[in-house]
Amino acid sequence: MGVGGGEMAAAAAVVEEEGKEEEEEEGEEGGWGWRARSKLSAALAVVWVVLVVTGVTALHRSLRHGALVKAEEGIVCMCEERARMLQDQFAVSVNHVHALAILVATFHYEKQPPALDQDTFADYTARTSFERPLLSGVAYAQRVMHADREAFERQQGWIIKTMKHEPSPPQDEYAPVIYSQETVSYIEGLDMMSGEEDRENILRSRATGKAVLTRPFRLMSNHLGVVLTFPVYLVDLPPDAKVEDRVAATAGYLGGAFDVESLVENLLRQLAGNQELVVNVYDVTNHSNPLVMYGSEVPLGAPSPSHTCTLDFGDPFRNHHMICRYRSEPHVPWSAITTPSGVFVILMLIGYIIYAAWNRYDSVTEDCRKMKALKKRAEAADVAKSQFLATVSHEIRTPMNGVLGMLDMLLDTELKSTQRDFAQTAQICGKALISLINEVLDRAKIEAGKLELESVPFDLRSILDEVVSLFSSKSREKGIELAVYVSERVPEILLGDPGRFRQIITNLVGNSIKFTERGHIFVQVHLADHSNLATEPKVESVANGINGHIDETSVVSTSVSHNTLSGFEAADSRNSWENFKALLSYDTNDMAYGSDSENVTLVVSVEDTGIGIPIHAQGRVFMPFMQADSSTSRNYGGTGIGLSISKCLVELMSGQINFVSRPNVGSTFTFTAVLQRCERNAINVSKSALLHPLPSSFQGLSTLLVDKRPVRATITEYHLQRLGIASKSVRTIEQALSVLLGRNGTSLPRKQLSMLLVESDSWGLKMDVPLRTRFLEMKQNGCESVFPQVILLSLADSDKMKAEYGVDSVITKPLKASTLAACLFQSLGISITQANNEKKHHGPDSLYGLLLGKNILVVDDNKVNLRVAAGTLKKYGAKVECVESGKDALELLQVPHKFDLCLMDIQMPEMDGFEATRQIRAIEAKAHEQTDNADNSEAGSAAKKAQWHLPVLAMTADVIQATHEECTKYGMDGYVSKPFEEKQLFKAVQKFLGPSTSS
């Protein structure tokens, strides 16, 4: 099989390679002229684009340069204005310091005794600090000569200290601080001449008589600032006084800490356009190492456009600059963009029109050529895809053929009812697995619009029974009720696609099983007209749902009855017992169905009491590969594609699907489907195998049912009615005793009462013990005719329940008609297998009649498939011989041979089925030629030719139509899909081995 897959892949590669070679040849023949003209037009287009781009770029640069010049003029104007205002503000502050120096000279030196002391100075400076908002503090330092130091220290009561608070060493003169503002009181007694820079500033200020600035440093406010030093003279000096005279007249020095950052900030805050500019102030006394006084440390060579202004703060020994630049690059004016863009668009449109007119014809021609080439490549890719899908289908379905074949052979043996139920369930699961494998392919077909529905007769109730069988094991394992109910008004036989209908139900019930841990899962089928009447009050709320669901508040506000299948609350209040009774009333009414149309619209609901769907996830329920959240797949499994496929299939059936879900309560999915009526007498023999009739052996029997839940009792009565068994339900064992003893006026004849069905929760350990004991004693002591067999309905294991509760038999739920029938057959001692075999072997036009005594050759490289095929064919009386390769088959089929039919696998190593069939036909043709040469009689030749044409049927696991075409191409007479069933095999061999065909 692996070799066969490799051959298919190689064939696909050959097809694709041939397509490429043809495409290249056509390109060389028809594309050279187009390429030459295309190159010429492309060259002209490039030249035109280059010219247009060059002109537009020049225009843009011209407009941008003009805008840049305008921006430079603006920054020069704004920077000069800010520099002038900064100098004026600084001059005002210097004048305030000068005035304070005059105050000290007047009241300290000209008054005897001095009218100024520390307290007066501190009080005055504090009260007038509003005049000096940019000065953090002022202080006065007196000039003291070394000869006067000792007397000065005695007078002040402290010694002169350096800036490091150490006694000042001897020097020519000192400048200790004697008056200070409270904000700088910590410098009192410090010698301002003990620091090298401060000493130089003091000497420069008394020599010039002007304010002197220090270099920038951090103030206590963490702002950048400078110290302003101003000399105080004993007498007024003329402006042209000599240095010696100024030094002799110097009495002391007045200093103040100046906050440069605050000054510049206040200034810029007052001016418009401050947000556009970045201002930096530098001390450039040392050009090699400029010091920042305001702003970030940006190099002096700031990016253009910028402007530098010189600041004059009155200190001739220090130089200061202000640099202004835009905070960001000046915006290019819209005119510099729109005008060139407009010109560019116009010129390019002109060029494009010319270019399009030039190349239109050639482009269309080339496009047609390319489209043809792409079409060929797409066809080749489609062939490769079909080959790939065929290989994958074969590899998956081949082992499933063995599984299902062995199960089919197992079912033909003598089995107990429970064993048969298990085997049938496994067989149904295997078939469902094959359909689930095809879901991804179905999704691809749906998206491509290639999925088509069949229109064949089918039994809806049998399909629901199969779904119940599929999930019966899981429901019993979880201990949840799983039940189906189909209205009597629903026709027995419908015309539609049973496989797709089953797929929808399987997806919905599978999701319910997955997300339900307690309670029940209930599937209902009704006619649309009757269902609408029963749910009319809630139709509006469903229609108003968003994305196919109802808002949670609209459900919570409705009163919900707990009288459900399991007693747990259901999400959709419309499925209450009251509405269910209303639907039952339509079933029991003899009124004819109101519609004369051939179409039948069904309403199917799947109700569960699981975890529900979160509100935030309800909008994406029907999206493919989407689940409620990331934990859903981790905790519960699944791919999230089932509901998406179900929605598409419902829409193909002209229906709609919606749901009601409440977290931690459950979900109810409801969909409609439009099918057609089909009478049983209109079904031909070939389609009769699609129906599953129930046995008629139970007609006329009656039973009594004990169940305290009316919904569950109705479902049990529905299955009994399908078998032709009359039933009556009561809620308790006590009521059942009354019925059996004739005290309840029941219409059931006691002599024909064949069984008593009791739900396990009505016969459990919590039941009234005396009542139960009395019931069993009456059954065992002389009341055999009154008390029929007691059969318990339970979700638990039947053998344990039978021994524990002392009943005659136990039927394990979930219920379906076939389970009930099997249990009754076992109770009556009828062999189901024998009856079925007799029906198979002796029925008219049966497969047994076709294959009896026929010699059949089976060719397959898989030993399991050989065993399955041989067992299936021998069951119907055929003589089977098996080989494992095409070469071995050729040896056995040399003319003359004994075989009436050959079943040939397609994918085999060494020689596949196609090649083997081709050689078989060659052998037959050679035999025909030899016969013609030996006997020229036309009639004899025709007879021989008919004799040596062996019917060859392909056994394939492919589901692609291309397989059938290949079978016909290589001389095969038909094919049988694996895993094959009786009805399919009968249809395939009927025309070759029928009564009209000679051996």
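When its C-alpha radius of gyration is set against 2.2 N^0.38 Å (N residues), the stretch 92-134 gives a value of 1.20.
Based on alpha carbons, the Rg and Dmax found for the stretch 90-229 are 14.9, 42 Å.
Tell me the volume per residue, in Å³, of the convex hull enclosing the alpha carbons of the stretch 322-369.
On the way: hull volume 5.5 nm³, N = 48.
Once divided by residue count, the hull of the stretch 322-369 is 115 Å³.
Given the peptides 149-157, 599-607, 114-122, 221-229, arrange them by the average over their residues of other C-beta atoms within 10 Å, most packed first.
Numbers: 149-157: 12.8, 599-607: 21.4, 114-122: 14.9, 221-229: 19.8.
Going by the mean number of other Cβ atoms within 10 Å, highest first, we get 599-607, 221-229, 114-122, 149-157.
A Cα-only calculation for the stretch 101-181 places Rg and Dmax at 14.1, 40 Å. When the P(r) is computed for the stretch 177-244, the part past 17 Å accounts for 54% of the Cα-Cα pairs. Using the Cα coordinates of the stretch 37-154, the gyration tensor eigenvalues translate into equivalent-ellipsoid semi-axes of 75, 16, 11 Å, sorted from longest to shortest. Label-to-label distance, Asn289 versus Glu244, with points set 7 angstrom from Cα along the beta-carbon direction: 3.7 nm. With the largest listed first and rounded to whole Å, the semi-axes of the equivalent ellipsoid of the stretch 446-521 from the Cα gyration tensor are 26, 17, 9.
In the context of the full set of protein chains, the stretch 79-167 has a per residue accessible area of 58 Å² (1.4 Å probe).
If R0 is 45 Å, the Cβ-Cβ spacing of Glu153 and Phe130 corresponds to a FRET efficiency of close to 0.80.
Taking 28 Å as the limit for the C-alpha separation, the pairs Lys370/Lys969; Lys854/Lys887; Lys376/Lys978; Lys874/Lys991 exceed it in the case of Lys370/Lys969; Lys376/Lys978.
For the peptides 328-336, 89-97, the ranking by packing is 89-97, 328-336, with the highest mean count of neighbouring Cβ atoms within 10 Å listed first. Evaluating kT/(6 pi eta Rh) at 37 °C and 0.692 mPa s, with the Kirkwood radius of the stretch 62-109 over Cα pairs in the Stokes-Einstein relation, gives 236 µm² s⁻¹.
In this entry, the stretch 852-929 is assigned a mean projected area of 4.8 nm², taken as a quarter of its C-alpha convex hull surface. Only alpha carbons enter this Debye calculation for the stretch 493-532, each as an equal point scatterer, and the log10 of I(q)/I(0) it gives at q = 0.25, 0.27, 0.29 Å⁻¹ is -0.96, -0.99, -1.01. Residues whose amide H lies under 5 Å from that of Tyr294, counting only those 5 or more places away or on a different chain, are Val281; hydrogens are built 1.01 Å from N in the peptide plane. Report the normalised scattering of the stretch 153-281 as log10 I(q)/I(0) at q = 0.16, 0.19, 0.23 Å⁻¹, calculated by the Debye formula with identical scatterers on the alpha carbons. Log10 I(q)/I(0), no solvent term: -0.90, -1.13, -1.40.
Residues whose amide H falls under 5 Å from that of Gly252, counting only those 5 or more places apart or on a different chain, are Arg143, Val232, with hydrogens built in the peptide plane.
Here is the size of the stretch 147-189 from its Cα atoms: Rg then Dmax, 10.6, 32 Å. For the stretch 81-158 versus the stretch 334-362, the spacing of their alpha-carbon centroids is 77 Å.
The values are calculated or read from the model by the stated rules, or taken from the named source; none is laboratory data. Remember, it's a predicted structure, so these values are computed and weren't measured experimentally. All Cβ positions, glycine included, derive from the backbone under ideal geometry; neighbour counts span all protein chains shown. Protein only, heavy atoms only, side chains kept; ligands, DNA and RNA dropped before computing areas. Shrake-Rupley method; radii C 1.70, N 1.55, O 1.52, S 1.80 Å.
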